[in-house]
Amino acid sequence: MATNKFSMEYGGKTLTIETGKMAQAANGSCLVQYGNTVVLATAVLAKDKRPGLGFFPLMVEFEEKLYAAGRIKGSRFIKREGRPTDEAVLNARFIDRAIRPLFDKRIEHDVQVIVSVLAFDGENDADVPGLIAASCALHMSDIPWNGPIAAARVNEINGELIINGSYEQRGISQFDIDVAGTPEKIVMIEAGANQVDEETVLKAFEFGSKALGPVIKLIEEVRAAVGKEKKDLFTPGTEAEKLGHAKREAVKEMALTFLEPVIRELFFGAPKASKTERAVARDEVKHRLAEYLVAQGVESAEVGYAGSLVYGAIEGVITKMILDEGKRVDGRALNEIRPLSSEVATLPCVHGSALFMRGETQVLSICTLGAPGDKQTLDGMELTGEKRFMHHYNFPPFSVGEAKPLRGASRRDIGHGALAEKALNFMIPEKEFFPYSIRVVSEVLGSNGSSSMGSTCGTTLALMDAGVPIVAPVAGIAMGLASDGKRSVVITDLQDLEDGEGGMDFKITGTAKGITAIQMDTKTEGLTREILVEAVRGAKVARLQVLDVMLAALPAPRKELSPNAPRILQLKINPEKIREVIGPGGKMINEIIAKTGVSSIDIEQDGLVMITALDGPSGEAALKWVTDLTREVQAGELFDGEVVRLMEFGAFVQILPGKDGLVHISEMAPWRVDKVTDIVKVGDKVKVKVIEIDEKGRTNLSMKQADGNVYPERPAPTAAPKS
């Protein structure tokens, strides 16, 4: 295949798509360069089907390569890239959520999209070019896919909206919003914001979606030049396949005709408020369908196939009832939230805890406050440095009544944890004001829709319970959509069976003032501006209702830090004195920690010293020690000191840790002293006054000018010799 290049200006930088150069064995592949960030995207369709899976087998991987950023892994023993970083997982989910809705769910072949970052310039994030590359690789391939789409990042600088801002620009923007889709419809949104009002966010959506048109046009140019004809994966080939397909279609039509009135009876005859009730009703639907088909003489294999249609049929009827009659399966109004409850101080011993419930979704959040040194070290391709606020999310199988092996954090766990972290990130107090490292873990104990929003609410309350002075409380809500392709209705507080085909999961978090995070997925080919406006405005009303319930449990952060939390004492020292606190090889700082019993001492390069202690006396002792080590002695100050060395001309007295001064023999007593040893010996405790800091920085002391010294008996004057 010949090499082809296609370029355009995008957000003030050059976007280039190159084909035919790399990964030619894939069904579709391309290199995308944005600035000096380069990604390779490949799309591969498995040769054989995997029938009977019950889901579309799409795999999306985002591969961070440390060489792309000119880095070698920090681990001393393992230099190969290991499991994906959280950032890589989030980027994979970012791409997956955008491209997945545009596949035909009937596909039974594995489809794998891999985006590999080959060069990273430190200015242009690889997520947006990665999604563009994935879209192009799929669109130019022979894999059936209803694209293309594009992606854009929207920021605001000095009141002006910009596309694909640099890291520096993103750092000063009040929001960071990613949109994917077309100029007409948006299929995916990811956003973090600092209490930004709804109308500003909606303007950013529109601005970003309009920017997608030229990129989509460029991808179409690529397909026109090098694209392959799409495969037909659904038309039966052999006569046997045609016969089997016809038989299944007949059974499907028979089953769906039977199912609709049965589902209406069992799910809407009386409201089904609980997930358990709905599960019982679903099993009854399956049972009745099987009895009916057997009575009609349908073969057992086809009866089993018909059973796989039940869940989708239930979702379809629920959608139809919402559209036709405005009825929800649990009897709620379309804009009604399920029953809410909040409590704090749920657990003893921990630093902060809260239990939040919305319907059957139940989340226990636990806050732990640690020393500044407990912050997380980031060692990825894109993100390096440290992070002091961490939120982790766990979704055990018992939360949905299942028994499955525990295999550590899943991609979903990482994604939901990151969403709640993003929701509260701007609300965490600055390090200079509140120096603690903060970790919150949300344990999902029950789940029936949007546990990530439950963890946002629980995390807010746990932080407040621990005494963290957050900027403002944050709540979250998930908005849904019932749609048949022609009609659409937005619903508040989405739950399980309402998230069917034609739906959306639009999660929005925020304070009473504005939005802090958004994550939107859809099972449609995109959402119009009208739907987005209705969802965003409806979410504000719901969010304020949730906040009211949360604040009834705890109206503001506790004024006092949790008694179980460590205390951090701070002082600022001259940066040139840092080495005196640390000592050679860390000897001094380790001695302070060992002798005072504090947990840790952390020192910033600007001279900020943070002492973490489990009790007040140990912290105060360490604080005094560090203060004494680094303070500047002034003439006229009085000290209790210890004699550490004797000379013929005087004694050296330690007045502070690591700081000695000289008491000259003439300043030892209120009389003439012949020998230093007549007054002091090594180890004596004496009171001294600083009389001078000389031009060389030496400290000169006086005992006779300091009150309180106890002297030996004054020796008799020596008689003058006779002449």
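Taken together, the values in this text are just the output of simple stated rules run on the coordinates, not laboratory data. Quantities reported herein were computed from a predicted structural model and do not represent experimental measurements. Note that each Cβ is placed from the backbone with ideal geometry, even for glycine, and that neighbours are counted across all protein chains shown.
Quick notes on this structure:
- Per residue, the chain reaches -10000 deg cm²/dmol at 222 nm when only DSSP H runs of four or more residues are counted, each adding -39500 (n - 2.57).
- Protection proxy ranking for 575-581, 57-63, 236-242, using the average of other Cβ atoms within 10 Å per residue and placing the highest first: 57-63, 575-581, 236-242.
- Charged side chains reduced to their Cβ positions (Lys and Arg at +1, Asp and Glu at -1) give the chain a dipole of some 960 debye around its Cα centre.
- Listed residue pairs exceeding 23 Å between alpha carbons, taken from 577/659; 624/687; 105/540; 247/320: 105/540; 247/320
- Chain lengthening between residue 225 and residue 36 when straightened (0.36 nm per residue, less Cα-Cα): 65.6 nm
- Globularity index of segment 340-553, i.e. its alpha-carbon radius of gyration over 2.2 N^0.38 Å: 1.03
- Fully extending the segment from residue 692 to residue 83, taken as 0.36 nm per residue of separation minus the present Cα-Cα distance, adds 213.0 nm.
- Cα-based helix-to-principal-axis angle, 616-630 vs the chain, degrees rounded to 10: 60
- Angle between the chain longest axis and helix 411-425 axis [Cα atoms, degrees, rounded to 10]: 50
- Ordering 384, 202, 614 by the projection of their Cα atoms onto the charge dipole of the chain, which places +1 on the Cβ of Lys and Arg and -1 on the Cβ of Asp and Glu, puts 614 at the extreme positive end.
- Using a Förster distance of 60 Å, the FRET efficiency for residue 628-residue 197 (Cβ separation, nearest 0.05): 0.70
- Checking (i) 44.4; (ii) 33.6; (iii) 42.6 against the coordinates, the calculated mean projected area of the Cα convex hull in nm² falls under label (iii).
- Relative exposure of 367, 457, judged by other C-beta atoms within 10 Å (fewest first): 367, 457
- For residue 119 and residue 705, the FRET efficiency from 1/(1 + (r/R0)^6), where r spans their Cβ atoms and R0 equals 56 Å, is about 0.20.
- For segment 537-619, alpha-carbon Rg and Dmax in angstrom: 20.5, 62
- The stretch between residue 167 and residue 13 holds 54.0 nm of extra length on full extension. This uses 0.36 nm per residue minus the Cα-Cα distance.
- Acute angle (nearest 10 degrees) that the helix 310-325 long axis makes with the longest principal axis of the chain, alpha-carbon atoms: 90
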